[in-house]
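Notes to accompany the following structure.
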Amino acid sequence: MKDTFLKACQGFKTDYTPVWFMRQAGRYMKEYQKIRQKYDFLTMCKTPEIAAEVTLQPIKILGVDAAILFSDILVPLEAVGLKIEFIEDKGPKVYPNIRDEENLNLLKNIEIDSLDYVFKTIKILTKELEVPLIGFAASPFTLATYVIEGGTTKDFVNTKRFMFAQSEGFHKLMDFLTDATLNYLQEQVKAGVHALQIFDTWAGILSPFDYEVFCKPYVKRIINKLKSVPVIYFSSNTAGHLNHLKDLDADVLSIDWRIDIRDASLALKDQSLQGNLDPLTLLGTEEELFKRTEKILIDGMNAKSHIFNLGHGVNINTSVDKLKKLVDFIHEFSHKLRRI
Ligand code: CP3
């Protein structure tokens with residue numbers, strides 16, 4: 001198996017900068033669209049042969065250094081008694097919503113067997129893949145925003161009301177989601193994933209103070225218990241939270257484009273980093289794209305180790321050809337950089 005990605009996860013300098021992309025499987029790819037026309041998104045996630053095939057598409061087409069399991073952060077919510085739907089062009093829907101302590105009894109202990117399709121997909125993939133497989137889950141806080149709001153929102157009013165009006169109840173919800181998430185990630189490790197990524201998409205809606213109170217302890221609890229594979233912690237809009245991110249003891253921190261990798265490396269000494277190209281750079285000219293890519297690769301040399309990624313998922317309007325050219329450029333340029 002190609003191990004450059006895993007070496008970088010473990011903090012070793014590599015011969016070239018490994019690269020993969022968040023949301024590398026998706027509707028921007030015609031091969032994905034072809035399958036998606038026949039099945040809805042959840043059916044694709046729940047059919048191991050299809051989920052495995054879609055996971056493999058970007059590996060074959062783009063030549064990236066790692067695969068990420070095809071699924072969604074909301075999938076485990078069904079195993080704790082909630083309903084999820086993915087509505088075309090409207091995003092996900094979760095219900096019933098838990099917006100106060102009284103409604104916590106709507107949650108039941110995670111029925112891990114009902115997620116067997118995920119573990120079956122992992123088993124198929126580890127047989128077929130020539131690159132490492134990344135498993136994942138949301139952070140308890142990001143998951144909680146979906147449980148509370150019922151979808152993606154602009155200002156997270158219900159989440160913050162629950163948090164500040166009934167903080168004890170909110171901590172109980174976080175406790176519950178932490179245990180469920182840990183169990184889910186541990187089962188993914190047992191099934192064979194080589195690394196894990198925790199998605200904390202909404203961490204940046206919290207002040208650093210509230211991040212420390214309501215989010216960080218739960219992520220830390222999960223990371224501390226997952227010792228057998230490297231853990232990448234992704235968060236966005238958290239350039240003001242760097243001191244707290246450092247405390248998490250994640251093997252790799254994945255950062256977005258709102259901070260230079262160089263500045264992050266200086267603030268987070270001896271930390272491996274992942275990121276951090278603005279995904280919409282891919283909608284512009286190759287000249288602008290490669291200029292920014294070069295800077296990220298050069299800056300990345302300051303980190304303990306660096307994995308190239310976007311600061312968020314691949315946009316649906318992205319050209320597959322351009323993304324493939326980007327992968328080749330990253331491999332070639334970063335290899336040359338190490339010979340200077
Ligand atoms: O990275 C990968 O390729 C692995 C698969 C993956 C998906 N979602 C597939 C998906 C992963 C890791 C996710 C994570 C996820 N899902 C996050 C965290 C990362 C982030 O983007 O911030 C969040 C917040 C979600 C919730 C979610 N799922 C939303 C808001 C949406 C709808 C909006 C959209 O972009 O379409 C989804 C649907 C979803 N998840 C799709 C895919 C491929 C689109 C499904 C389709 O219609 O084909």
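Side notes on the structure shown:
- Matching residues, segment 21-39, being surrounded by fewer than 21 Cβ atoms within 10 Å (Cβ to Cβ), free of Cβ contacts under 8 Å to residues at least 60 places away in the same chain and either among the hydrophobic types (A, V, I, L, M, F, W, C) or more than 8 Å from the ligand (Cβ to nearest atom) (or both): E31, Q33, K34, I35, Q37, K38, Y39
- The set of residues from segment 283-340 being among the aromatic types (F, W, Y) and more than 16 Å from the ligand (Cβ to nearest atom) comprises F290, F329, F333.
- Q57 meets each of the listed conditions (1) surrounded by fewer than 22 Cβ atoms within 10 Å (Cβ to Cβ); (2) under 30 Å from T178 (Cβ atoms) apart from (2).
- One residue stands out among those in segment 66-92 that are more than 10 Å from the ligand (Cβ to nearest atom) and of a type in the set (A, V, I, L, M, F, W, C): the one that is nearest to Y28 (Cα to Cα), which is A66.
- The set of residues in segment 3-19 being among the aromatic types (F, W, Y) and more than 18 Å from the chain's Cα centre (by Cα) consists of F12, Y16.
- Residue, nearest to P92 (Cα to Cα), within segment 151-186, restricted to residues that are within 16 Å of the ligand (Cβ to nearest atom) and buried (at least 19 other Cβ atoms within 10 Å of the Cβ): T159
- Only listed residue being surrounded by 15 or more Cβ atoms within 10 Å (Cβ to Cβ) and assigned to a helix (DSSP H, G or I), chosen from L266, L297, L280, L273: L297
- Residue count, segment 82-122 (criterion: among the β-branched types (V, I, T) and closer than 30 Å to S167 by Cα): 5
- From I259, I340, residue being in a loop (DSSP other than H, G, I, E, B) and over 30 Å from L206 (Cβ atoms): I340
Each row is one residue, and each column tells you yes or no for (1) in contact with a Phe, Trp or Tyr (Cβ under 8 Å, 6 or more places away or on another chain); (2) in a strand (DSSP E or B); (3) touching a residue at least 24 places away in the same chain (Cβ under 8 Å); (4) buried (at least 21 other Cβ atoms within 10 Å of the Cβ).
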site: Q188; (1), (2), (3), (4): yes, no, yes, yes
site: L196; (1), (2), (3), (4): yes, yes, yes, yes
site: F209; (1), (2), (3), (4): no, no, no, no
site: I222; (1), (2), (3), (4): no, no, yes, yes
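- Residues of segment 51-65 classified as within 27 Å of K90 (Cα to Cα) and away from the ligand (no atom under 12 Å from the Cβ), total: 2
- Only one of the numbered conditions (1) part of a loop (DSSP other than H, G, I, E, B); (2) buried (at least 18 other Cβ atoms within 10 Å of the Cβ) is violated by F234, and that is (1).
- Single unsatisfied condition, M44 versus (1) closer than 24 Å to P230 by Cα; (2) aliphatic (A, V, I, L, M); (3) surrounded by 19 or more Cβ atoms within 10 Å (Cβ to Cβ): (1)
- Number of the exception - I87 against (1) surrounded by 13 or more Cβ atoms within 10 Å (Cβ to Cβ); (2) among the β-branched types (V, I, T); (3) without any contact (Cβ under 8 Å) to a residue 12 or more places away in the chain: (1)
The numbers here are math on the coordinates, done by the rules we state, and not lab data. Keep in mind that this is a model prediction, so the values were computed, not measured. Note that we place each Cβ from the backbone using ideal geometry, even for glycine, and neighbour counts take in every protein chain shown.
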